[in-house]
Amino acid sequence: MENLLKRKLNLGIAACQFGAKFRYNGKGIDLTQYLGRDRGQFIWTPVCPEVMSGMGVPRLTIKLSGGNGFDFWEGNANVKDKEGKIKNDMIKQGALACLETLERAKIDAYIYMEGSPSCGVKRTTLKNQRLGNPPGVFGALLLQRDVFLISSIDLQSPIRWWDWKRRLVAFVWIKEQEVNSKEILKDIWDKIKYVLYELHEEEGTAIRDEIRDILKSDTEPSSELYDKIKLEMLTLLRKPAELENIKKHLWDNYVDLKKKEGIEVEDVLEPEALRNMTHIAQELLGIEIEARKKNYLFRSSPINYKPDR
C-alpha cells in the first residue's frame, strides 16, 4: 500500500478569513497568505453563515443568548443582535445554506474563525478573552456532522499548520482505505503508528494492543471491529500535538531516516538545542522534502501529499 495521497484536498473556510470583507464591520483578512506555496495545494470553498442569512455588511453584532449552538438547534437558545432583536430564522437559513455548499464541495476539513457566535467552536466572543457560549450556531452543525475542524488562528503559525496538515493528510488517507483484512490493517498501522504515539502515547498504545490482539487471533475479525479500529485512529488524528512532543519526535524520526536511508539535512538540531518554532518547522519541511524526493517514509509525516495539478 503506497503512502501517497494524490488528489487535491477540499478545504472549507470562513470567508472573512479568506480575504472577503464579510465581518459585521465590513472587514476581513486573508490568513491563507501565511501558507505560502501550500495555498495552491488545496481547493478552497469560502462560506459565511451571517452573510448568507441576509443580514448584510455592515451589520449589527449578534450573540448567543440562553445557551450554546447545540441548544439553539434544539430550540432552547436564541441569537440576538445588538438591539436585542431575535435573528433565529435568518441565522438558521444562513447556516444551513453554508452547510449545503460545503457538502456539495465534499470538503475534507473546515477552517473556522474562533470567537464568532456563528462559526466559533471553543469560543463565541472576542471580548476580554471570555468563552461566550461555545460552540456557535454553525460550529455546532459542523461538530454534529463530525467535520475535521481547524482554527484559522493556526494558519499563522508554521509549526501549527505543519501539524494540522500532516494529520489531515493522514486522516484522509486512512479514511479512504478499505480495511477488510489483517494485512491491510497492519500496513496502515505500521505507517501511521509513530504519529499516533506522538499525539497521545497512552491512546496510541491502546490502539496498538487492540491491533496486536487482532493479528494474533486465528479468526478473521468482523467488519465492525475493523471499522472500530479505523475510527479510533481517525479520532486520535484530530488532536493537535504538543510542541515539545513534535520537537522530540522530530529528532528520533530524523535519526531513524538517516540511519535507514542515509538522508541528511542541514540545520536539524538535537531536542535540547534552543530555537524558535519557525526554525523547527523549517527542519521538518526540509526532512519531508528530502524524504519525498526518494519516496521514503518519514515517521513524523508518513503520508506523502502530492496533489495532481
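The values are calculated or read from the model by the stated rules, or taken from the named source; none is laboratory data. The model shown is predicted, which means the values in this text are computed figures rather than measured ones. Cβ placement follows ideal geometry from the backbone for every residue including glycine, while neighbour counts extend to all protein chains displayed.
Return the pair list, or none, for Cβ contacts closer than 6 Å from residues in the stretch 12-40 that are touching a residue at least 40 places away in the same chain (Cβ under 8 Å) and of a type outside the set (G, A, S) to residues that are crowded, with 19+ Cβ neighbours inside 10 Å and not in a helix (DSSP H, G or I), at least 6 apart or on different chains.
I13/P46; I13/I111; C16/F22; C16/R23; C16/G28; Q17/M113
Residues that are under 17 Å from G12 (Cβ atoms) and modelled with pLDDT of 95 or more, at least 2 per element: which helices (runs of 4 or more DSSP H) completely within the stretch 60-151 meet that?
The qualifying helices (runs of 4 or more DSSP H) are 88-105, 137-144.
Can you name the number of the only condition in (1) outside any helix (DSSP H, G or I); (2) more than 30 Å from E290 (Cα to Cα) that E264 fails?
Only one criterion is unmet by E264, namely (2).
Can you say whether L35 is aliphatic (A, V, I, L, M) and assigned to a helix (DSSP H, G or I), as far as the supplied structure shows?
Yes; evaluated as a whole, the condition is true for this residue.
Matching residues to (1) in contact with a Pro (Cβ under 7 Å, 6 or more places away or on another chain); (2) surrounded by fewer than 18 Cβ atoms within 10 Å (Cβ to Cβ); (3) over 24 Å from F42 (Cβ atoms):
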position: I150; (1), (2), (3): no, no, no
position: P158; (1), (2), (3): no, no, no
position: W162; (1), (2), (3): no, no, no
position: K165; (1), (2), (3): no, no, no
position: K182; (1), (2), (3): no, yes, yes
position: L185; (1), (2), (3): no, no, yes
position: E202; (1), (2), (3): no, yes, yes
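Every residue in the stretch 206-252 that is more than 15 Å from W189 (Cβ to Cβ) and of a type in the set (K, R), please.
Matches in the stretch 206-252: R238, K239, K247, K248.
Has the stretch 209-227 got any residue that is surrounded by fewer than 17 Cβ atoms within 10 Å (Cβ to Cβ), within 26 Å of R292 (Cα to Cα) and not aliphatic (A, V, I, L, M)?
Among the residues of the stretch 209-227, not one is surrounded by fewer than 17 Cβ atoms within 10 Å (Cβ to Cβ), within 26 Å of R292 (Cα to Cα) and not aliphatic (A, V, I, L, M), which makes the answer no.
Considering L243, L274, L250, which residue is closer than 26 Å to L155 by Cβ and out of contact with any helix residue (DSSP H, G or I) (no Cβ under 7 Å at 6 or more places or on another chain)?
L274
Please enumerate the residues belonging to the stretch 72-130 that are closer than 17 Å to P46 by Cα, hydroxyl-bearing (S, T, Y) and surrounded by fewer than 23 Cβ atoms within 10 Å (Cβ to Cβ).
T101
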